[in-house]
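Undergrad: The structure follows.
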Amino acid sequence: MQQKRKWLLVAPVCLTPLLLTSQLQGTEPEKPARAQVQEAPAPAPTPSPRIYPPHRADQTRTNLYWGDTHLHTNYSPDAYINGNTVMSPDEAYRFARGEEVQTGSGLKVKLGRPLDFLAVTDHSEYMGIHVRLAEHDSALADWPVGKRWAELLAQGNRVLYLLDMLKTLQDNRPEDALPDGVRESVWHDAMASAERYNDPGHFTALIGYEWSATISGDNLHRNVIFRGNAADLAGTRPFTGQDSRQPEDLWNALQRYENVSGTKVLAIPHNGNLSNGRMFAPTMSDGNPFTADYARRRARWEPLVEATQIKGDGEAHPYLSPEDEFADFETWDDSNLMGTVPKKPEMLQYEYVRSALKLGLQHDSQLGVNPFKFGLVGGTDSHTSLSAIEEDNFVGKFSNGEPSPTRAMEHMAGMGPINWGLVASGITAVWAPENTREAIFDAFERREVYATTGPRMQVRFFGGWDFTSDDAVRPDYAQIGYAKGVPMGGDLLRQRQGGAPRFMVAASKDPIGANLDRVQVVKGWLGKDGQLHERVYDVAWSGDRKPDAETGKLPAVGNTVDVANATYRNTIGSAEFATTWTDPDFDPDCRAFYYVRVLEIPTPRWTAYEAAYFHITLPDEVPMVIQERAYTSPIWYTP
Amino acid sequence: MTSSEKGGRIHRILRGMQREPLVHFLAVGLVLFLLYALANPVGADAGEHIAVDRQRLLDFVQSRQATVDDSAGKRLEKLTPAEVRALVDEYVREQAMYREAERLGLADEDYLIRRRLAQSLDFLYRNMEGVPKPTEQQLRDYYAAHIGRYAAAPAITFSHIYFSGDLHGWDGAERLARQTLRAIQTRGEDAVLAQRWPGDRFVYQLNYAERDKSLIASHFGVPMADRLFSIAPHIGEWQGPFRSTSGWHLVRIEERDSAGQMPFEAVVVQVQRDWVEAQKQARADAGYARLRERYDIGVSPEIRGMMTDKAAQ
């Protein structure tokens with residue numbers, strides 16, 4: 001009998017084609033749960049009597065933690081209407097920390113490699129409202145909009161209900177605002193979920209939400225993430241795009257949180273690629289040029305930017321970086337978020353990370369403060385409650401786009417771009433002394449983080465003035481990095497004795513992934529001519545490739561991908577690189593930034609895994625190979 | 001709830017449907033038609049009569065688009081009479097073809113349809129009576145009965161000194177590791193480590209804090225991970241050498257949490273989830289068991305033979 005029951009449980013999973021690979025294992029026994037320590041303070045860094053035991057609370061003995069800073073659940077209206085009706089923040093946290101969960105369509109899913117941390121960031125606008133309506137929340141009984149919706153729900157009239165809801169969201173009329181108390185109550189539930197799964201030392205559940213201001217269809221969204229716990233934030237409520245669509249007002253709201261809660265908070269701008277030139281535009285919301293005060297506040301509240309996610313990669317654009325043969329990577333540049341206004345080339349400079357970092361140098365020279373002094377993170381922005389964005393486990397953007405023989409050629413959410421263009425990306429790596437809310441948040445603030453497009457390659461990046469070429473190959477190179485320099489996200493200031501800055505880079509492949517092609521340093525600077533410049537240096541690469549004498553370009557690493565079978569071989573590339581690099585073009589009078597880009601060898605794209613699994617043929621225009629990458633936060637030089 | 005018992009039941013079923021993701025919208029079409037027939041008795045939209053009304057057309061448009069936005073409603077309003085006629089024709093054609101296909105038993109031939117319908121029924125069994133509400137005692141009983149599920153995974157905190165097999169050869173690396181361990185034991189840790197950390201550069205990290213076995217295994221290989229989690233930890237003392245996939249290591253374990261039983265209070269949320277899931281599964285099993293009784297199963301002698309254990313023959 002036991003045997004039979006098991007079979008019944010497992011059967012729908014085996015029959016249902018979600019299980020692409022070992023990353024999602026429907027039949028694995030559930031991983032045992034961990035303790036849920038509520039509101040436990042971080043272990044205080046106790047002074048150690050010994051010199052060398054590397055106590056984990058020592059700021060320079062950092063561990064690498066992986067997580068998602070951008071994930072939606074059924075609390076987000078657009079997730080709900082696109083089929084994610086049953087997966088709450090609880091399921092999101094459980095899945096992220098390695099437990100098996102069941103999606104609304106009955107699929108059992110489990111992450112092959114759990115995450116170390118997760119911020120659930122549901123849209124703050126009408127957060128949780130559909131869940132409450134489905135539960136017949138009495139607080140919504142007298143709310144005309146809710147009444148209308150509940151009636152439609154009760155009639156089972158899904159279509160009219162959805163039409164009405166979308167229209168109400170779009171119109172944003174004051175009389176449609178939620179009744180008092182509902183926002184607070186939903187927010188309380190969202191925070192309580194994070195508290196249930198936050199487990200200091202093992203899994204960090206960060207409290208957060210997404211402020212989803214959209215102006216004329218242009219995306220200005222920010223993910224708001226807190227350092228503290230639910231008790232600190234009692235009585236607060238999420239700031240919405242209905243409250244204000246101006247980032248300056250969001251920052252005021254963040255200041256108010258800090259005033260009342262005593263904890264800290266920051267905002268992470270959404271990938272700027274769908275903002276149609278708004279995200280890093282040189283003007284404030286009132287249309288005037290930046291003031292020093294604006295720049296200071298922006299730098300203070302927004303120390304990070306989302307460089308890559310499912311809706312496109314935002315590091316660089318080929319129009320802006322024509323010399324960079326890797327700049328055209330999973331580019332989404334057709335239009336704004338809502339698809340209402342086509343993209344114009346002049347918008348691009350205000351959308352992409354590399355360009356914004358350069359513009360920041362210029363603002364800095366004019367205002368004395370750099371508004372765009374940000375580190376780089378990756379988020380999924382998945383609306384399925386499932387942070388599963390590796391090529392071989394890509395669940396998709398919305399629940400109505402789960403793996404199937406047809407989804408690659410269907411429209412995202414039925415109305416967006418064709419699904420094959422979705423990017424199985426991104427993830428955030430954090431160098432922190434321990435896995436707690438406080439330590440992860442503090443690493444965010446000092447920008448000691450980096451983004452990858454999915455794989456978990458390990459990247460160390462230090463800047464300093466007197467690294468020796470021996471340092472990078474020492475067993476304790478990381479301690480040397482901290483002792484003699486600054487890690488990613490840090491600052492270098494003018495040296496009296498002159499000389500160029502030296503950078504120590506160490507990159508290792510994802511322990512269960514593909515080899516690495518090369519390590520590059522991307523430099524941007526403000527020249528004496530007042531112009532902004534950029535250059536990409538190859539600083540370490542695999543094999544005995546030689547840069548082309550004429551172009552200076554390193555030949556491509558090659559390609560071992562077998563598209564038909566969705567496999568590759570690690571017969572090319574290198575498992576690790578460690579090197580010290582000196583800027584050959586350094587000018588001590590010029591502001592500059594440096595960040596590292598690490599390229600993997602080519603591997604099968606999610607579309608290749610899907611085609612191989614379902615035995616389908618996709619059109620030639622669908623890319624089947626991807627060269628995944630990591631982007632570190634920059635190190636800035638300021639004269 | 002003010003509606004009649006029948007209405008309440010339909011309501012509950014519809015709420016269940018509401019939870020279905022859109023991707024199943026087409027799949028549950030058949031069930032929906034039955035429910036519509038119950039909810040709005042429009043006479044005979046069955047057999048040889050095909051009813052066409054606004055709601056059916058809207059659903060038709062939405063389902064074909066596989067989307068739910070307001071474009072379908074808008075589009076319907078803007079259609080010219082000729083376009084509406086064409087839409088109705090398409091709808092009627094699909095209905096007629098669908099019903100004939102059903103009459104001919106084509107659905108039985110189509111595995112995809114069989115599977116979807118079976119899943120839909122399973123879903124109904126699981127959710128028809130709403131979410132079951134457990135008492136604390138029920139949860140405690142469930143926890144006690146499944147105690148093995150609620151254990152914490154072990155974690156380890158340690159530093160290591162690495163000797164590369166590539167650089168020194170496996171034997172050379174092991175010899176160097178043993179020499180270094182002896183030096184630490186005779187001269188003291190500070191004397192050996194203070195000036196310059198011995199050994200070679202390891203591809204991943206020097207220090208690991210509270211990491212689980214799968215991560216350690218991915219960096220050092222499974223055998224070494226197994227050993228680190230099973231040896232006497234000798235907290236704070238250097239021990240080894242241990243062989244990894246890339247060389248030999250001396251290891252100083254700072255902390256090792258063994259796999260421990262989690263108290264009920266710490267896992268109550270998960271217990272509740274598991275309990276609810278178990279109840280739903282039991283409903284589905286019971287629903288199937290009732291169903292199964294109605295069937296007489298004829299297994300061919302050949303297959304019956306294959307179903308019998310060899311030992312029992």
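Undergrad: Considering only the range A:373-383, I want to know if a residue exists there that is part of a helix (DSSP H, G or I) and more than 23 Å from A:PHE290 (Cβ to Cβ). Spell out the reasoning first.
TA: Let us first name the residues in the range A:373-383 that are part of a helix (DSSP H, G or I), namely none.
The answer is no, given that none of the residues of the range A:373-383 is part of a helix (DSSP H, G or I) and more than 23 Å from A:PHE290 (Cβ to Cβ).
Undergrad: Please find, among A:GLU325, A:GLU258, the residue that is open to solvent by 10 Å² or more (accessible area, probe 1.4 Å), over 19 Å from A:GLN349 (Cβ atoms) and outside any loop (DSSP other than H, G, I, E, B). Before the answer, list the steps.
TA: On the way: A:GLU325 fails: outside any loop (DSSP other than H, G, I, E, B).
Among A:GLU325, A:GLU258, only A:GLU258 is open to solvent by 10 Å² or more (accessible area, probe 1.4 Å), over 19 Å from A:GLN349 (Cβ atoms) and outside any loop (DSSP other than H, G, I, E, B).
Undergrad: May I ask you to verify whether B:GLN272 is open to solvent by 60 Å² or more (accessible area, probe 1.4 Å), touching a residue at least 12 places away in the same chain (Cβ under 8 Å) and within 13 Å of chain A (Cβ to nearest Cβ)? If you could, list the steps in order and put the result at the bottom.
TA: On the way: open to solvent by 60 Å² or more (accessible area, probe 1.4 Å): yes; touching a residue at least 12 places away in the same chain (Cβ under 8 Å): yes; within 13 Å of chain A (Cβ to nearest Cβ): yes.
So B:GLN272 fits the description; yes.
Undergrad: Report yes if some residue within the range A:288-304 is part of a strand (DSSP E or B), at pLDDT 95 or above and closer than 22 Å to A:ALA177 by Cα; otherwise report no. I'd like the intermediate steps shown before the answer.
TA: Going through the range A:288-304, the residues part of a strand (DSSP E or B) turn out to be A:289, A:304.
From the residues that got through so far, the ones that are at pLDDT 95 or above too are A:289, A:304.
Among the residues that remain, those that are also closer than 22 Å to A:ALA177 by Cα are: none.
There is no residue in the range A:288-304 that is part of a strand (DSSP E or B), at pLDDT 95 or above and closer than 22 Å to A:ALA177 by Cα.
Undergrad: From A:ALA608, A:ALA612, A:ALA630, which residue is of a type outside the set (D, E, K, R) and either in contact with a Ser or Thr (Cβ under 8 Å, 6 or more places away or on another chain) or free of Cβ contacts under 8 Å to residues at least 24 places away in the same chain (or both)?
TA: Values: A:ALA608 fails: either in contact with a Ser or Thr (Cβ under 8 Å, 6 or more places away or on another chain) or free of Cβ contacts under 8 Å to residues at least 24 places away in the same chain (or both); A:ALA612 fails: either in contact with a Ser or Thr (Cβ under 8 Å, 6 or more places away or on another chain) or free of Cβ contacts under 8 Å to residues at least 24 places away in the same chain (or both).
Going through A:ALA608, A:ALA612, A:ALA630 in turn, the sole match is A:ALA630.
Undergrad: Output the residues belonging to the range B:31-64 that are aromatic (Phe, Trp, Tyr) and at pLDDT 75 or above. Spell out the reasoning first.
TA: Initial filter on the range B:31-64 (aromatic (Phe, Trp, Tyr)): B:33, B:36, B:60.
B:PHE60, the sole residue that qualifies.
Matching residues to (1) within 25 Å of A:GLY396 (Cα to Cα); (2) free of Cβ contacts under 8 Å to residues at least 60 places away in the same chain:
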{"residue": "A:THR263", "(1), (2)": "no, yes"}
{"residue": "A:LEU274", "(1), (2)": "yes, no"}
{"residue": "A:ALA281", "(1), (2)": "no, no"}
{"residue": "A:PRO303", "(1), (2)": "no, no"}
{"residue": "A:GLU323", "(1), (2)": "no, no"}
{"residue": "A:GLY339", "(1), (2)": "yes, no"}
{"residue": "A:LYS344", "(1), (2)": "no, no"}
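Undergrad: Would you call B:VAL267 open to solvent by less than 30 Å² (accessible area, probe 1.4 Å), modelled with pLDDT of 90 or more and not polar (S, T, N, Q)? It would help to see each step written out before you state the result.
TA: Details: open to solvent by less than 30 Å² (accessible area, probe 1.4 Å): yes; modelled with pLDDT of 90 or more: no; not polar (S, T, N, Q): yes.
No.
Undergrad: Within the set of pairs 6 or more residues apart or between chains, which connect a residue that is more than 14 Å from chain B (Cβ to nearest Cβ) and closer than 17 Å to A:THR308 by Cα inside the range A:420-436 to a residue that is of a type in the set (A, V, I, L, M) and part of a loop (DSSP other than H, G, I, E, B) with Cβ atoms less than 6 Å apart?
TA: Partner pairs satisfying both residue conditions: A:TRP420/A:VAL622; A:LEU422/A:ILE310; A:VAL423/A:ILE310; A:ALA424/A:ILE389; A:SER425/A:ILE389.
Matching residues to (1) at pLDDT below 95; (2) of a type in the set (Val, Ile, Thr):
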residue: A:ALA549; (1), (2): yes, no
residue: A:GLY558; (1), (2): no, no
residue: A:ALA566; (1), (2): no, no
residue: A:ASP583; (1), (2): no, no
residue: A:TYR595; (1), (2): no, no
residue: A:LEU599; (1), (2): no, no
residue: A:THR603; (1), (2): no, yes
residue: A:ALA611; (1), (2): no, no
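Undergrad: Need the failing condition index for A:GLN495 against (1) in a loop (DSSP other than H, G, I, E, B); (2) buried (at least 21 other Cβ atoms within 10 Å of the Cβ), just the number.
TA: (2)
Undergrad: Determine whether B:ARG93 is under 23 Å from the mean Cα position of the chain (by Cα) and assigned to a helix (DSSP H, G or I). Working first, answer last.
TA: Numbers: under 23 Å from the mean Cα position of the chain (by Cα): no; assigned to a helix (DSSP H, G or I): yes.
For B:ARG93, the condition - under 23 Å from the mean Cα position of the chain (by Cα) and assigned to a helix (DSSP H, G or I) - is not met.
Undergrad: Inside the range A:444-479, can you point out the residues that are within 14 Å of chain B (Cβ to nearest Cβ) and in a helix (DSSP H, G or I)?
TA: Result: A:ASP471, A:ALA472, A:VAL473, A:TYR477, A:ALA478, A:GLN479.
Undergrad: Something else: Name, by its number, the condition in (1) in a loop (DSSP other than H, G, I, E, B); (2) free of Cβ contacts under 8 Å to residues at least 60 places away in the same chain that does not hold for A:ASP587.
TA: Failed condition: (2).
Undergrad: Any idea which residue in the range B:201-260 is farthest from the other protein chains (Cβ to nearest Cβ), counting only those that are part of a loop (DSSP other than H, G, I, E, B) and charged (D, E, K, R)?
TA: In the first step, residues of the range B:201-260 are kept if they are part of a loop (DSSP other than H, G, I, E, B); the result is B:201-206, B:221, B:231-237, B:244-246, B:258-260.
The next check asks that each one be charged (D, E, K, R); those that pass are B:201, B:237.
On the way: B:ARG201: 5, B:GLU237: 11 Å.
Only one residue tops the list, namely B:GLU237.
Undergrad: Confirm whether B:THR186 is of a type in the set (Ser, Thr, Tyr), part of a helix (DSSP H, G or I) and within 12 Å of another protein chain (Cβ to nearest Cβ). Full working, then the answer.
TA: Numbers: of a type in the set (Ser, Thr, Tyr): yes; part of a helix (DSSP H, G or I): yes; within 12 Å of another protein chain (Cβ to nearest Cβ): no.
Taking the combined requirement at face value, the residue does not satisfy it.
The values are calculated or read from the model by the stated rules, or taken from the named source; none is laboratory data. Note that this is a predicted model, so its numbers are computed, not measured. Neighbour counts are summed over all protein chains in view; Cβ atoms, including those assigned to glycine, are modelled from backbone coordinates with ideal geometry. Surface accessibility is based on the protein's heavy atoms, side chains included, excluding ligands, DNA and RNA. Shrake-Rupley method; radii C 1.70, N 1.55, O 1.52, S 1.80 Å.
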